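Heads up: the structure comes next, in C-alpha cells.
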Amino acid sequence: PLVLMLTGVLVLAGLFSIIFFVSGVSHFQDPLFCEGRGTRSELSRSPAVFVVLSFTSVVDLIISLEEDGYISGFVEVYVREGEPHLRTAHGILICYWDGVIHYGLYLAMIAAIGRRKSYRNLGLFWLGSLMMSIVVFLLGNLIGKYSSDLSPAFLLNLPYVLIPIWAGLRLFQQPKALPSVSLTQVAEEQRKYLYQRPQDAGLVLLLLLTAAFTFFRGMVVLDCPADSCFEYIYQHEPYLRDPVAYPKVQMLIYMFYVLPFLCLCIYGLVLPGCSWLPDWSLVFAGAIAQAQFAHLGSSLHPRTPFPYQTPEDVWWSFLLTNVLYALGPQLLAYRCLRCPAFFLPATPASLQR
C-alpha cells in the first residue's frame with residue numbers, strides 16, 4: 001500500500017511538472033481560473049488543476065468499468081491493495097459520476113475559458129457535487145466496515161478536501177453576469193405575492209415535501225423506535241442499514257445541513273431580494289444530484305449485499321420518491337437562473353451598483 005501511495009503521488013507530481021514546463025511559470029499565477037486578461041493563446045491553455053482533475057476522472061471511470069466487469073487488468077492491484085472501499089457499490093457509483101459528469105464539466109469549463117466565456121454557473125454546480133461526494137466518501141470510510149482496512153493510499157483523497165474550498169472561494173469572487181432586466185421589471189416582479197406566482201408556489205410545496213422526507217429518513221437512520229421508521233428501513237430502504245455507513249452518513253448530512261438549507265430556499269421564494277439564492281441553489285443542485293445518483297444506484301447495484309438491496313416489490317415507489325427528491329433542487333436552480341428578477345437586490349442603488 002505504501003508503494004501504491006508513492007506511485008500515485010509521483011504520477012500526479014509528474015503531471016504537474018509536464019504542465020508547468022509546457023505552459024511556463026506565468027500561467028500559474030492563477031492556475032485554476034483565468035481572469036480574462038492576457039493574449040488569446042494564454043486563455044486557450046487548460047488550467048493545471050482542471051487537467052489533473054480530468055486525469056483522475058478518467059482513472060475513476062476505468063475503476064468503475066473494471067469493477068463492473070466491462071474491462072480487466074488495469075487497476076485491479078491498486079483497488080485491492082490500496083483502496084478496497086472502491087469495490088463497494090457506493091465506490092463504483094461515485095467513480096462513474098466522477099468519470100462521466102465531473103469529466104464533462106471539466107471539459108465544458110476548459111472550453112469556456114478558451115472562448116472567453118463565463119463558466120461560473122458550471123463551476124458552482126461542480127463545486128456542490130464534488131463537496132458532497134468527497135465528504136460522504138471520507139466519512140463513510142472512517143466509520144464504516146472498511147475503517148480497519150485504510151492504507152496510506154487513502155491519503156490521496158485529502159487534496160479533494162482542500163480543492164473545493166480553494167475553488168469555491170475563487171468562484172464566488174468572480175463577477176456575476178448581469179441580467180438584462182429593468183428596475184421597473186424588478187419592482188413589478190417583487191410586488192407579487194406567492195399566490196400570484198403559481199410556479200413558485202408549486203416549487204415551495206415540492207421543497208416542503210422534500211424537507212419532510214429529509215427529516216423522516218434522518219430519524220430512520222438515528223434508530224427512531226416509531227413503527228413507521230422500523231417498517232421503512234426494513235421494507236422500503238434496507239440499504240440504510242448497510243454497514244459500509246455511506247447511506248447513514250448521507251442521510252445525516254441531509255438532515256443536519258440540507259434540511260436547514262431547504263427552509264432557507266423556501267424563505268427565498270416567499271420574500272423578494274434574496275440575492276444569495278441563485279448561486280447557492282446551483283451548489284445545492286450539484287450536491288443533491290451527485291448524492292441521489294450514488295444513493296439510488298447503490299441501493300439497486302448487485303455489489304450491495306442482498307439483504308440490503310431494495311426489494312423488487314417497492315422499486316417503483318423507491319425510484320419515484322428518490323427521483324422527485326433530486327428533481328426539486330434542479331428545478332429551483334433552473335427557476336433562479338431563468339427569471340432572476342425576484343432575487344435581485346430590492347433597492348435601486350444596490351441594483352445599479
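Restricting attention to segment 138-161, the residues that are closer than 19 Å to Val59 by Cβ and in a helix (DSSP H, G or I) total 11.
Whether any residue in segment 258-278 is within 20 Å of Ile143 (Cβ to Cβ) and modelled with pLDDT of 95 or more is what I want to check. Yes - at least one qualifying residue is present in segment 258-278.
Taking segment 261-277 as the range and being open to solvent by 60 Å² or more (accessible area, probe 1.4 Å) and either touching a residue at least 24 places away in the same chain (Cβ under 8 Å) or more than 25 Å from Leu183 (Cα to Cα) (or both) as the test, the residues that pass are Cys263, Leu264, Val270. Counting the residues of segment 102-113 that are in contact (Cβ under 8 Å) with a residue 40 or more places away in the chain, open to solvent by 10 Å² or more (accessible area, probe 1.4 Å) and out of contact with any Pro (no Cβ under 8 Å at 6 or more places or on another chain) gives 2. Scanning segment 128-137 for residues that are closer than 15 Å to Tyr257 by Cβ and of a type outside the set (S, T, N, Q) yields Gly128, Met131, Met132, Ile134, Val135, Val136.
Out of the residues in segment 114-128 that are open to solvent by 10 Å² or more (accessible area, probe 1.4 Å), touching a residue at least 40 places away in the same chain (Cβ under 8 Å) and assigned to a helix (DSSP H, G or I), state the one that is nearest to Phe172 (Cα to Cα). Per the criteria, the residue is Arg120. Here Ser72 clears all of (1) assigned to a helix (DSSP H, G or I); (2) of a type in the set (S, T, N, Q); (3) modelled with pLDDT of 65 or more except the condition numbered (1).
The values are calculated or read from the model by the stated rules, or taken from the named source; none is laboratory data. Remember, predicted model here, so these are calculated numbers, not experimental data. Note that each Cβ is placed from the backbone with ideal geometry, even for glycine, and that neighbours are counted across all protein chains shown. Side chains included, ligands, DNA and RNA excluded: accessible areas come from the protein's heavy atoms. Shrake-Rupley method; radii C 1.70, N 1.55, O 1.52, S 1.80 Å.
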